[in-house]
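These notes concern the structure reproduced below.
What follows draws every value from the coordinates through simple rules; no lab data is involved. Predicted model only: the values in this text are computed from it and were never measured. Here the Cβ positions follow ideal geometry from the backbone for every residue, glycine too, while neighbour counts run over all protein chains shown.
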Amino acid sequence: MYHPNEVIEDIRERLDRMVLDFKALLEEKKQLETENKLLANSLEEALNKQEILSKRLDTIRQETLKDTKGITHWKTETRKEIRSIMKEVEKIIPQAESLLANK
């Protein structure tokens with residue numbers, strides 16, 4: 001059997017270890033909370049950046065769509081103008097041939 005002083009010393013050592021473990025756990029908890037706050041802030045910043053970039057992308061898409069519509073309109077107008085010029089050239093060719101034939 002153990003002597004009562006040994007039992008008391010053993011209990012004291014266990015309590016000391018428990019206190020040290022508790023302090024270590026408190027420190028670890030504090031570090032994890034700090035890390036968690038940093039990660040939460042980082043996530044918030046990333047979400048804000050994502051929102052800004054999404055808005056930028058939407059703007060670029062709208063501008064691109066507008067430019068594409070502008071190009072389509074320009075192509076249509078250019079084709080109309082070319083057809084008009086071709087009609088005029090077709091009218092002038094017989095006149096030019098007749099002038100050349102009269103020389």
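For the pair ILE82 and ALA24, the difference between a 0.36 nm per residue extended length and the Cα-Cα distance amounts to 12.5 nm. A Cβ-based charge dipole, computed about the Cα centre of the chain with Lys and Arg at +1 and Asp and Glu at -1, lands at about 1460 debye.
Each other residue within a Cβ distance under 12 Å of HIS3 adds +1 if Lys or Arg and -1 if Asp or Glu, for a net charge of -3. When the Cα positions of ASN41, LEU99, PHE22 are compared along the charge dipole of the chain, LEU99 comes out farthest toward the positive end, with charges on each C-beta of Lys, Arg, Asp and Glu. The HN-Hα couplings worked out from phi for region 95-100 by the Karplus form 6.51 cos²θ - 1.76 cosθ + 1.60 (θ = phi - 60°) are 5, 5, 5, 5, 5, 5 Hz, whole numbers, x standing for Gly and Pro.
Which of the listed residues, ILE85, ILE52, LEU65, is farthest toward the dipole's positive end in the chain, when Lys, Arg count +1 and Asp, Glu count -1 at the beta-carbon? Checked the options; the winner is ILE85.
Report ³J(HN,Hα) in whole Hz for each residue of region 68-74, in order, from the Karplus equation J = 6.51 cos²θ - 1.76 cosθ + 1.60 where θ = phi - 60°; Gly and Pro get x. Karplus-based 3J(HN,Hα) across region 68-74 equals 5, 4, x, 5, 4, 4, 4 Hz.
Net charge near LYS91: determine it from the other residues with C-beta under 14 Å of the C-beta of LYS91, scoring Lys and Arg +1 and Asp and Glu -1. Charge balance in the 14 Å sphere: -1. Evaluating 6.51 cos²θ - 1.76 cosθ + 1.60 at θ = phi - 60° for every residue in region 26-42, the Karplus couplings come out as 4, 5, 5, 4, 4, 5, 5, 5, 4, 4, 4, 4, 4, 5, 5, 5, 4 Hz, glycine and proline recorded as x. Note on the chain: Cα-Cα pairs beyond 22 Å make up 74% of the total pair count.
Label sites at LYS69 and TYR2, each approximated as a point 7 angstrom past Cα along Cα to Cβ, lie 8.6 nm apart.
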